[in-house]
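Heads up: the structure comes next, in structure tokens.
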Amino acid sequence: MQTLILAAGQGTRMRPLTEQRPKPMLPVAGQPLVAHTATAAIDAGASRLVLVVGYEAEAVRSFFGSEFKDVPVDYAVQDQQRGTADAVRAGATKLDNKPFAVLNGDNLYDGESLAKLFDRGPSVGSYQVASPSAYGVLDIEDRQVTSVIEKPDTPPSNVINTGAYVFPAAAQGWLDVDSSERGELEVTDVLNRACEETAVTAVPLNRWLDVGRPWELLEANEWKLEECRRQINGEVHADAELRGPVIVESGATVDAGVVIEGPARLQAGATVGPNAYVRGATLLGPETTVGHSVEVKNSVLMEGATVGHLSYVGDSILGRDVNFGAGTTVANLRHDEAPITCPVKGELVSTGRRKFGVVCGDAVKTGINTSLNAGVVLPGGATTAPNETILKSAANRR
Ligand code: TTP
């Protein structure tokens, strides 16, 4: 099955993490997010991948090259991000006149479910949720989809669209859709046309995750780190203790007195300790430092991030080359245990998580003893003074 993977979007809800890189290239368990999407597609039987790129396209191209896991990779450029139907239209220029699959390059799918989708003919991957109104909801009769309705007040079912489709070859002629209410050209309108022209089956996916906002990047890492198996190739001091599924890549170092509770992955050049505690679905990217008496829990540290001494980082995402001064502490729980809120495009949104820390854009630097409240987002390059307490995000803080 020739497969289009949409990876051209600007990822505005994921800012500041997407200020310098496309969302599909954000790290998930040591690989770019879109590499997991591509792997699921290949596991499901993709014969060729066409990646639709646009925003920060070069990062995607240089990761994949012309082949990924023995499957040929082609690229189509979407110059302006006018919507998912427009992205499919850009990608269709590289397709053969045969049925094709479409996947979102910022979604995690399980390969086993995708295989059922790919085998089914015209189909859409579906997923049951408790509150469907925030999604595209599928109207289904006898497993056939009759339409998809965007964010309905009264949803016709609790089954939603996962952005995974198999379209017949004829759909390559159905891509000129009208602009939607939010001013985008939407692939869901292509799906609605497909439902009018042919039988489209809803294929339930076992597991699926849309990674649109920072806390969903933590969820993606939780999922994919859970799947990792213990592998120790780096240098681990005899007085360190690694519990459970921990990956220490060649070139990573674990010093004396360190305890690491898996799932966790330490990429090449990461150094931990002495006397540090790393636990719960943590990714320490290449060349990261977790120093003396630091605790890191359920967090993602991107390449070159440093938490040198006496700090606590919980349920947080630290961008490239972030540097936490000694004694920086992150709050990740409210006294009332209510879900943590976090700003997304200037508006506070519930993360739905009882535990959530902070999001730091690339090269953020904190002064010693900085205290960061739960849900704070610091833009790339922001600095804090020694002893500063940041209770709320300041969008323009530099
Ligand atoms: P979205 O998540 O809707 O858009 P986005 O990635 O730009 O993020 P945000 O809304 O935060 O700005 O996109 C779904 C998928 O489609 C995603 O993989 C990106 C891709 N896409 C394109 O390739 N081109 C586009 O014009 C758009 C809007 C999305």
Considering only the stretch 195-254, give the strands (runs of 3 or more DSSP E) lying wholly within it that have at least 3 residues that are open to solvent by less than 40 Å² (accessible area, probe 1.4 Å). 201-204, 246-248
Scanning the stretch 28-49 residue by residue, those of a type in the set (S, T, N, Q), in contact with a helix residue (DSSP H, G or I) (Cβ under 9 Å, 6 or more places away or on another chain) and either in a strand (DSSP E or B) or more than 9 Å from the ligand (Cβ to nearest atom) (or both) turn out to be 31, 39
Can you name every residue in the stretch 2-27 that is more than 8 Å from the ligand (Cβ to nearest atom), out of contact with any Gly (no Cβ under 9 Å at 6 or more places or on another chain) and open to solvent by 20 Å² or more (accessible area, probe 1.4 Å)? 25
Within the stretch 126-136, can one find any residue that is at pLDDT below 95, among the hydroxyl-bearing types (Ser, Thr, Tyr), more than 16 Å from the ligand (Cβ to nearest atom) and outside any helix (DSSP H, G or I)? yes
Flagged pairs (Cβ under 6 angstrom, 6 or more apart or on separate chains; first in the stretch 6-20, of a type in the set (Asp, Glu) and part of a loop (DSSP other than H, G, I, E, B); second modelled with pLDDT of 95 or more and more than 6 Å from the ligand (Cβ to nearest atom)) are 19/361; 19/380
Examine the stretch 189-201 for a residue that is touching a strand residue (DSSP E or B) at 6+ places or on another chain (Cβ under 6 Å), of a type in the set (S, T, N, Q) and free of Cβ contacts under 8 Å to residues at least 60 places away in the same chain, and state whether such a residue exists. yes
Exactly one condition in (1) surrounded by fewer than 22 Cβ atoms within 10 Å (Cβ to Cβ); (2) within 24 Å of the chain's Cα centre (by Cα) is false for residue 263; which is it? (1)
Do you know which residues across the stretch 345-390 are out of contact with any strand residue (DSSP E or B) (no Cβ under 9 Å at 6 or more places or on another chain), within 16 Å of the ligand (Cβ to nearest atom) and either touching a residue at least 12 places away in the same chain (Cβ under 8 Å) or assigned to a loop (DSSP other than H, G, I, E, B) (or both)? 345, 346
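I need a count of the residues in the stretch 67-92 that are away from the ligand (no atom under 14 Å from the Cβ) and either closer than 16 Å to residue 175 by Cβ or in contact with a Phe, Trp or Tyr (Cβ under 8 Å, 6 or more places away or on another chain) (or both).
1
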Can you tell which of 61, 89 is basic (Lys, Arg), part of a helix (DSSP H, G or I) and surrounded by fewer than 18 Cβ atoms within 10 Å (Cβ to Cβ)? 61
How about the stretch 93-118: which of its residues are over 19 Å from the mean Cα position of the chain (by Cα) and either within 16 Å of the ligand (Cβ to nearest atom) or free of Cβ contacts under 8 Å to residues at least 40 places away in the same chain (or both)? 93, 94, 95, 100, 101
Hits in the stretch 162-194 (condition: away from the ligand (no atom under 16 Å from the Cβ) and open to solvent by 20 Å² or more (accessible area, probe 1.4 Å)): 168, 169, 170, 172, 173, 174, 192, 193
With respect to residue 19, determine if the residue is of a type in the set (D, E, K, R) and over 24 Å from residue 219 (Cβ atoms). no
List the number of the failed condition for residue 102; all other conditions in (1) at pLDDT 95 or above; (2) open to solvent by 20 Å² or more (accessible area, probe 1.4 Å) hold. (2)
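The values are calculated or read from the model by the stated rules, or taken from the named source; none is laboratory data. Computed from a predicted model, the values in this text were never measured in an experiment. Cβ: placed from backbone, ideal geometry, glycine included. Neighbour counts: every protein chain shown. The area values use the complete protein model at the heavy-atom level, side chains included, leaving out ligands, DNA and RNA. Shrake-Rupley method; radii C 1.70, N 1.55, O 1.52, S 1.80 Å.
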